Amino acid sequence: MNNITSPTSPEIAAKSESFSHQDVSVPIGPFETKGTDIQVNLKEVLRLTFETEGQRYRVDTPTPSSRSTVLTPLSPDPRFEFTAVHLAKHSHLALYSSARLESWMGKLKDETPLSALSIPGTHNSPTCHTALPSVRCQAVSVKDQLNNGVRFLDIRVQPENPDDPSNDGLILVHSAFPISLTGNKYFRDMINVVHEFLDENPTETVIISLKREGVGKATDQQLSKILHGHYASDPNRWFTDNRIPALGEARKKVVLLRRFLSRERTMAKAGASMEKAGQITALMVPAPVERSVFRIFTKSLRVRTLRRRSLTPPTNLRELPSVCALSPGT
């Protein structure tokens, strides 16, 4: 890593010679945080150069905004892509590998259980449309989320016509409200996007947590029947066993995590088959669900839910600049 102090104007900094140059060596491993003795002057630009496997990448701090910044490759035919988030107040720079986020699971072994992974996920995942502020939780579409590494989707639906088993309509909702003010959005369209993503990236799996919400009179059993009859009946597309799978058996599939009841208890007492009754037997999150679901996920599947929140730095940072490196799939 090199340290260069440059003029403050971005236009001048791009072409000018540095006022000072300092060679430093700060080895940084995956998921490590390292403090440095580099002195910070808030009136100057600090140009940092990082090297990995013989290739060099550069970032200027402070970055132009509080948003993430992609490092500039200095080597021809760069094999990596790195993104930086700079917290100027705390002199903290976070680096993570942002290359091929659409297929990061491809680096993992088939025998890895999903419960051994830290899986990035989003809260109320499809709520990126024009809606009430309390309803809209996401800024980008499900497709963009998947392409940026998200592998857990939190979905709430309301059966459109629960008394008609031939109707596959599941309206996407957030509590009692539809997720769009411009018309209903449907689970069918969203799941088609997920399947297309998995077709293009067969090394991946997507966990979908599904819950019935809304103001309708539908029951959990009716939702289960709709899912079984119209969506989750293809074992090549869906994993619906009542257990946590290994990654190899879940690749290119949707793993269904249900937050609704089926008729398993009454069916079991009667000695009947859930399959014949058209009921889903997928892994269920234990009750109570509404307040504790994401804590439960953290303990079992280690899902990290992402909301539109500002970055909060660690509380134990020093005043001197520090750097941490994150590498998905490492």
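Before we move on, is Ala218 among the hydrophobic types (A, V, I, L, M, F, W, C) and either part of a helix (DSSP H, G or I) or under 23 Å from Ile119 (Cα atoms) (or both)? Taking the combined requirement at face value, the residue does not satisfy it. Just checking, does segment 186-208 include any residue being surrounded by fewer than 18 Cβ atoms within 10 Å (Cβ to Cβ), at positive phi and in contact (Cβ under 8 Å) with a residue 24 or more places away in the chain? Checked against the condition, which is being surrounded by fewer than 18 Cβ atoms within 10 Å (Cβ to Cβ), at positive phi and in contact (Cβ under 8 Å) with a residue 24 or more places away in the chain, segment 186-208 yields no hits at all. From the list Arg136, Arg156, Arg151, the lone residue that is basic (Lys, Arg) and under 11 Å from the mean Cα position of the chain (by Cα) is Arg151.
Restricting to segment 25-55, count the residues that are assigned to a loop (DSSP other than H, G, I, E, B) and surrounded by 12 or more Cβ atoms within 10 Å (Cβ to Cβ). Number satisfying all stated conditions: 8. Residue pairs whose Cβ atoms lie under 8 Å apart, sitting 6 or more positions apart in sequence or on different chains, and linking a residue in segment 220-236 that is under 17 Å from Tyr186 (Cα atoms) and open to solvent by less than 40 Å² (accessible area, probe 1.4 Å) to a partner that is at pLDDT 90 or above and assigned to a loop (DSSP other than H, G, I, E, B), are Leu223/Pro162; Ile226/Pro162; Ile226/Asn167; Ile226/Asp168; Tyr231/Asp168; Ala232/Thr240.
No other residue among Arg67, Arg79, Arg58 is closer than 30 Å to Gly248 by Cα, among the basic types (Lys, Arg) and either open to solvent by 30 Å² or more (accessible area, probe 1.4 Å) or under 18 Å from the mean Cα position of the chain (by Cα) (or both) apart from Arg79. What residue, among those in segment 132-156 that are part of a loop (DSSP other than H, G, I, E, B), of a type outside the set (Gly, Ala, Ser) and more than 14 Å from Ile119 (Cα to Cα), is most open to solvent (accessible area, probe 1.4 Å)? By that ranking, first place goes to Pro133.
The values are calculated or read from the model by the stated rules, or taken from the named source; none is laboratory data. Owing to the predicted nature of the structure, the values given are computational and were not obtained by experimental measurement. With ideal geometry, Cβ positions are generated from the backbone for all residues, glycine too; neighbour counts draw on all protein chains shown. Surface areas here come from the heavy atoms of the whole protein model, side chains and all, with no ligands, DNA or RNA. Shrake-Rupley method; radii C 1.70, N 1.55, O 1.52, S 1.80 Å.
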